[in-house]
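Here is the structure we will look at, set down as structure tokens.
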Amino acid sequence: MKTRILKPGEGTSEAIALLESGLPVALPTETVYGLAADASLPNACARIFEAKERPLSDPLIVHLTSIDWLSRIALPSPLALTLAETFWPGPLTIVLPRQASIPDIVTAGQDTVAVRMSAHPVFQEVVQTFGKPLAAPSANRFGRISPTCAANVMSELEGRIALILDGGPCTHGIESTIVHVLEDRLQILRPGPITEDELRAFAPVFHGPAGVAAPGGLKSHYAPRTKLVIEQQPMPRGPRDGLLSWLQSGEGFSQTEFLSRSNDLREAAANLYSAMRRLDEAGLDLIIAEALPESGIGVAIMERLRKAAA
Ligand code: TXA
Ligand code: MG
């Protein structure tokens, strides 16, 4: 299959036509690029798993056209509705009891469903014109680094999908925060751009493994092919070591990628995956990632680095 990259406009109508014929397309979101398909069609969703080589035990996030769809897909509590009204459209995924209308392949047969609404204008145009929710995991092969631009999707899925809609680089650069809404508490299943502090304003928050087989919870994920280690004070060990730098100059390293020259954690998150990808493609022996402060979105960045190092 030939994979094309198109800009919004011609690309948008093409994307909608492909979705209508039950095929997956790669779309930009504000977090990372997603591989989207009609969430109501099991066969269309099966093609997502196939293209990504993703195990069927790993459920997909359903991206809604509007908040009105929430109660058609899930059973939102008042707390869940408040979170949706506060943070949508935006980088918060909410895990809720599901409705029967959502196919089992999407939820991996679990009794919960993960939902969000993307804030990306291109994604919004596609999903709203399409008129139905889209199931969309990140547009990478299973276990690999999430793509944050169209070219990254191409290097992950070339020949496996027909179209990548190019909406430019992603603003956040790391995947949405996933929160499981319990009766009176919130369980963060994956840290992300919406921070624990922001969520704590609504209910007590705790971190915990998903009570489900969610490979986002696997220790090794988001992995470059090159070995990666995290150090507080990175020092090169050999002549072909690369540095993923937060504060260090990179002296002595054969290649250095700077996450943020102005020491801004949000900018570091936005650059994380593309910088990791460039180091991974440089033929290095080792990538040494400098530890970042674990505050705000730094929590999510360090979680991704630990998984890349596992
Ligand atoms: O930012 C994002 O969330 C991106 C964009 C494309 O929206 N999507 C994304 O999807 O990161 P994915 O599939 O790569 O990661 C979603 C994670 C997976 O680890 C999956 O196991 C978990 O969400 N998940 C999905 N449904 C779940 C559920 N019902 N309960 C617990 N975890 C769930
Ligand atoms: Mg993913």
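Numerical summary
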quantity	calculated
Of the criteria (1) within 15 Å of ligand 2 (Cβ to nearest atom); (2) farther than 19 Å from R160 by Cα; (3) surrounded by 22 or more Cβ atoms within 10 Å (Cβ to Cβ), which one L92 fails	(1)
Test: residue in the range 57-80 that is among the acidic types (D, E) and within 16 Å of ligand 2 (Cβ to nearest atom)	yes
Residue identified as open to solvent by less than 50 Å² (accessible area, probe 1.4 Å), in a loop (DSSP other than H, G, I, E, B) and hydroxyl-bearing (S, T, Y) among S274, S260	S260
Residue count, the range 271-299 (criterion: over 13 Å from E257 (Cα atoms) and either of a type in the set (K, R) or out of contact with any Asp or Glu (no Cβ under 8 Å at 6 or more places or on another chain) (or both))	7
Residue pairs meeting the criteria (Cβ under 6 Å; at least 6 apart or on separate chains; first without any contact (Cβ under 8 Å) to a residue 60 or more places away in the chain, in the range 262-276; second open to solvent by 10 Å² or more (accessible area, probe 1.4 Å) and assigned to a helix (DSSP H, G or I))	none
Residue under evaluation P191, criteria (1) within 27 Å of S57 (Cβ to Cβ); (2) away from ligand 2 (no atom under 16 Å from the Cβ); (3) of a type outside the set (S, T, N, Q), criterion not met	(2)
Pairs with Cβ under 7 Å, 6+ apart, first in the range 224-237 and surrounded by fewer than 16 Cβ atoms within 10 Å (Cβ to Cβ), second of a type in the set (D, E)	R225/D280; E231/E290
Residues of the range 125-161 satisfying the condition of being at positive phi and at pLDDT below 95	G143
Residue tally, condition within 13 Å of ligand 1 (Cβ to nearest atom) and not in a strand (DSSP E or B), over the range 81-102	7
Any pair with Cβ under 7 angstrom, 6 or more apart, that starts in the range 130-147 at a residue that is touching a residue at least 40 places away in the same chain (Cβ under 8 Å) and ends at one that is open to solvent by 20 Å² or more (accessible area, probe 1.4 Å) and of a type in the set (K, R)	P137/R54; F142/R54
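The values are calculated or read from the model by the stated rules, or taken from the named source; none is laboratory data. Here the structure is a predicted model, which is why all the values come from computation and not from measurement. We place every Cβ from the backbone using ideal geometry, glycine too, and count neighbours over all the protein chains shown. For the accessible areas, the whole protein counts, side chains as well, though only heavy atoms, and no ligand, DNA or RNA atoms are used. Shrake-Rupley method; radii C 1.70, N 1.55, O 1.52, S 1.80 Å.
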